Amino acid sequence: MNNRVDIAIVGAGHGGAQAAIMLRQQKFDGSIALIGDEPDYPYERPPLSKEYFAGEKPFERIMIRPGKFWAERDVSMMLGRRVTDVDAERHELTFADGETLAYGHLIWATGGTPRMVNCPGHDLSSVHAVRTRADVDAMMAKLDTVERVVIIGGGYIGLEAAAVLTKLGKHVVLLEALDRVLARVAGPELSHFYESEHRAHGVDLRTGVTVAGITGDQGRATGVELAGGETIPADMVIVGIGIIPAVEPLIEAGAEGGNGVLVDANCRTSLPDIFAIGDCAAHANPFADGATIRLESVQNANDQATVAAKTILGHPVPYDAIPWFWSNQYDLKLQTVGLSTGHDATIVRGEPATRSFSVVYLKDGRVIALDCVNATKDYVQGRKLIVGKTKPDPAKLADAAVPLKELAA
Ligand code: FAD
């Protein structure tokens, strides 16, 4: 391949793939390179802690597009290639093997690397993260010989992994450092509902616990030691405590940022002709009252990809998409819309005991987010309340018999 492309996209995950798709949809006919350090064609990451991990969906069914799609769209795939340096002035990338590639525009879509515990034993061979296909394949290859799994972290990924593993008949202990699971993303009503669901399915779920170390034998983990002295036996340890945005080469090149690279409303970084999208992009989000945040969701990666692609092609549009997210655990489908951070009140619609209900988050009386468990109607209709900055009558909001669409302004 030529050593210059019109648009280089670094990161062949959700955002990178969508950026290439959108550029071609917008009739861009210049050269595009989609560069990724994983060996595979772009694939969906959410099934890694759901259907793929459970063995219910093969890899072919989680690919974002079939392999031949990229050749048909004349997108040069540079897989298994890691970008280590960016020279913003020269408009040039350097790969781990020293090769270089010049670009006209650069889209940085590198996601993040899993944050690992830094206690003794963190590097034992049966301590796993859940970020890539390789991570999950490595766990699946061992599952036959695994009986006891300790999961560190009660966020969505840890909880989803717990649901899959219990379904597979494993004994699961889930450890959360804070006093409830999902504490960073949801209110206590949702946290407590999921805690009791997991316990009812046999998960030994413990909150407010501190991990002191991982014990091992001949390089393999044998248990997780808690600060109080107890050691929980484990054949496998899964760590799901968040990610560190993969932005080092850009920050070293001079881009503003730290926890992610800072972008404006059109996903432009502070460096010329360089855009950043997805998990690694710190942006002012209108649904967080303009606060600068990073969002780790497929919605955000895809919508920012569209914004960057259109802006590069001369049709700048601001990023103002409403955030949404989902999580599957057991037979529970959670759908969230809006951002609940900063809420000052919650209203529960429906009865959690029925396993179909919604938590509505309010700020100054205005609906800012909904978490809907097996309640798709609320999810669909609630979106309008958020976008319309509606302040509905709390009594009506709490009445699950009143459809949310009737409360939209
Ligand atoms: P990614 O999809 O992570 O892609 C980044 C790619 O860039 C990776 O392949 C990475 O290896 C590569 N890369 C990094 N650095 C370099 C470099 N220097 N050179 C070359 N390549 C590089 N979101 C939801 O909305 N719903 C869900 O249910 C959900 N479940 C999830 C479950 C799991 C297990 C995980 C891990 C994530 C889940 N997410 C979910 C989050 C969602 O997958 C991410 O938000 C999304 O993948 C972000 O897309 P991205 O393009 O920013 O990054």
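Counting only residues that are under 25 Å from the mean Cα position of the chain (by Cα) and β-branched (V, I, T), which one in segment 8-47 is farthest from Y103 (Cα to Cα)? Among those that are under 25 Å from the mean Cα position of the chain (by Cα) and β-branched (V, I, T), it is I21.
When segment 293-314 is examined, which residues are found to be more than 17 Å from the chain's Cα centre (by Cα), surrounded by fewer than 17 Cβ atoms within 10 Å (Cβ to Cβ) and touching a residue at least 24 places away in the same chain (Cβ under 8 Å)? Before the answer, list the steps.
Of segment 293-314, the ones more than 17 Å from the chain's Cα centre (by Cα) are 306-314.
Applying the additional criterion that residues be surrounded by fewer than 17 Cβ atoms within 10 Å (Cβ to Cβ) yields 313-314.
Of everything in segment 293-314, just one residue is more than 17 Å from the chain's Cα centre (by Cα), surrounded by fewer than 17 Cβ atoms within 10 Å (Cβ to Cβ) and touching a residue at least 24 places away in the same chain (Cβ under 8 Å), namely L313.
Counting the residues of segment 100-132 that are over 25 Å from the mean Cα position of the chain (by Cα), open to solvent by 20 Å² or more (accessible area, probe 1.4 Å) and within 25 Å of H14 (Cα to Cα) gives 3. Taking segment 216-275 as the range and being touching a residue at least 40 places away in the same chain (Cβ under 8 Å), open to solvent by 20 Å² or more (accessible area, probe 1.4 Å), in a strand (DSSP E or B) and of a type in the set (A, V, I, L, M) as the test, only I244 passes. Looking only at residues in segment 324-383 that are among the acidic types (D, E) and surrounded by 18 or more Cβ atoms within 10 Å (Cβ to Cβ), which one is nearest to the chain's Cα centre (by Cα)? That would be D371. Does A200 meet the test of being closer than 23 Å to E351 by Cα and surrounded by fewer than 14 Cβ atoms within 10 Å (Cβ to Cβ)? Yes.
Return yes or no: is D6 more than 10 Å from the ligand (Cβ to nearest atom) and among the acidic types (D, E)?
Numbers: more than 10 Å from the ligand (Cβ to nearest atom): yes; among the acidic types (D, E): yes.
Taking the combined requirement at face value, the residue satisfies it.
Yes/no per residue for (1) touching a Lys or Arg at 6+ places or on another chain (Cβ under 9 Å); (2) away from the ligand (no atom under 16 Å from the Cβ):
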position: E225; (1), (2): no, yes
position: P233; (1), (2): yes, yes
position: I244; (1), (2): yes, no
position: I251; (1), (2): no, no
position: L262; (1), (2): no, no
position: D273; (1), (2): no, yes
position: A276; (1), (2): yes, no
position: A282; (1), (2): yes, no
position: A291; (1), (2): no, yes
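Let's see how each residue does on (1) out of contact with any Lys or Arg (no Cβ under 8 Å at 6 or more places or on another chain); (2) more than 30 Å from T110 (Cβ to Cβ):
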residue: N302; (1), (2): yes, no
residue: V317; (1), (2): no, no
residue: P323; (1), (2): yes, no
residue: L334; (1), (2): yes, no
residue: H343; (1), (2): no, yes
residue: V348; (1), (2): yes, yes
residue: F357; (1), (2): no, yes
residue: V360; (1), (2): no, yes
residue: G365; (1), (2): no, yes
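Among the numbered conditions (1) out of contact with any His (no Cβ under 9 Å at 6 or more places or on another chain); (2) within 13 Å of the ligand (Cβ to nearest atom); (3) not in a helix (DSSP H, G or I), the only one that V317 does not meet is (2).
Considering only segment 79-134, how many residues are of a type outside the set (V, I, T), within 16 Å of the ligand (Cβ to nearest atom) and under 28 Å from M63 (Cβ atoms)?
So the first thing to find is which residues in segment 79-134 are of a type outside the set (V, I, T), and the list is 79-82, 85, 87-93, 95-99, 101-106, 108-109, 111-112, 114-116, 118-126, 128-129, 131, 133-134.
In the following step, the residues that additionally are within 16 Å of the ligand (Cβ to nearest atom) were identified as 79-82, 85, 87-88, 92-93, 95-99, 101, 103, 106, 108-109, 111-112, 114-116, 128-129, 131, 133-134.
From the residues that got through so far, the ones that are under 28 Å from M63 (Cβ atoms) too are 79-82, 93, 95-97, 99, 101, 103, 106, 108-109, 111-112, 114-116, 128-129, 131, 133-134.
Total meeting the criteria: 24.
Taken as a whole, the structure places T346 among residues that are in a strand (DSSP E or B), farther than 17 Å from K377 by Cα, among the polar types (S, T, N, Q) and away from the ligand (no atom under 13 Å from the Cβ).
Tell me yes or no: at least one residue of segment 95-111 is closer than 24 Å to A163 by Cβ and in contact with a strand residue (DSSP E or B) (Cβ under 8 Å, 6 or more places away or on another chain). Yes; the residues of segment 95-111 include at least one that is closer than 24 Å to A163 by Cβ and in contact with a strand residue (DSSP E or B) (Cβ under 8 Å, 6 or more places away or on another chain).
The values are calculated or read from the model by the stated rules, or taken from the named source; none is laboratory data. Just so we're clear, the structure is a prediction, and the values are computed from it rather than from any experiment. With ideal geometry, Cβ positions are generated from the backbone for all residues, glycine too; neighbour counts draw on all protein chains shown. Side chains are part of the model used for accessible areas, which takes the heavy atoms of the whole protein and leaves out ligands, DNA and RNA. Shrake-Rupley method; radii C 1.70, N 1.55, O 1.52, S 1.80 Å.
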